[in-house]
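Reading through the C-alpha cells given below for one structure.
Read the figures in this text as sums done on the coordinates, not as results from a lab. What you see is a predicted model, and the numbers here were worked out from it, not measured in a lab. Please note: Cβ atoms are built from the backbone with ideal geometry, for glycine as well, and neighbour counts cover all protein chains shown.
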Amino acid sequence: MANPTNILLLEVGFIAHEEVGYSRTFDFEFPQLVLGDDLVLDHLSGEIEFSRTSEGVLAQAEFNATTKVTCGRCLGKVSQPLESHFSDLFTLPYRADKDTELILPHNGKIDFAPILREYMLLEMPINSLCRPDCQGLCPACGVNRNQESCDCVIEAADPRLSMLKSLLEDGE
Ligand SMILES: [Zn+2]
Ligand SMILES: [Zn+2]
C-alpha cells in the first residue's frame, strides 16, 4: 500500500531544449496508487505525451483506473471506473507572464500526482449506485433489501396520516 510520493515526479526539462514538434510519451501502469486519504486508484494505466510547442511543453494525458466508492442507497462498496483525458501547457519560465497558470519548473521536474488527483476527482460521480435498481436499506430494520427481504411496514410519509394515527392510538 505504501507509495513513494514522487512516483509521478517526471523529469521533462530536457524536452524544453528540443525543437518545436519533438514529443515523448511516458507510460504508466500501477496496481494501486494512493493520491490522498480520499482517493485510492486501482488498476491505474495511462500515458502522458509531452510535446515541445513554441510556448513550452504540452502534456496530453489519458488515464484509466477504478476506485472504491460507497453506494448511496445500500452503502455497499462499488468499484467505480474512472477515465480522464486532459491536457495542460507548461509554459517556459521566460515566456510566462502574470496570467500564466502553469510554468515549467526551473528544475524541469513536474509532479503529476496532484494534477492527476485533481482531474480524477472531477470524474467522480456525485452519487454512485452499485446498480441502477439498487433497493437500498430498509429504513426500519436496516437490512440490505438487495440481499434480504423483511416484513417491515413502512409508515406513510404523509404527516397528516401519522398525526391521525397517533390521535387514534391516544384514544385507545
Ligand atoms: Zn446499492
Ligand atoms: Zn425492514
key: For the chain: relative contact order, % (alpha-carbon pairs under 8 angstrom, 6 or more apart)   = 19 percent
ask   = So what are the radius of gyration and Dmax for the Cα set of the chain, in Å?
value = 25.5, 91
query = What angle do you read, to the nearest 10 degrees and between 0 and 90, between the alpha-carbon axis of helix 159-171 and the longest principal axis of the chain?
reply = 30 degrees
key: Nearest-ten-degree value, helix 112-123 long axis tilted from longest Cα axis of the chain   = 40 degrees
query = Which trypsin sites (Lys or Arg not before Pro) in region 80-120 pass both tests, a DSSP loop state and at most 12 other beta-carbon atoms within 10 Å?
reply = Lys98
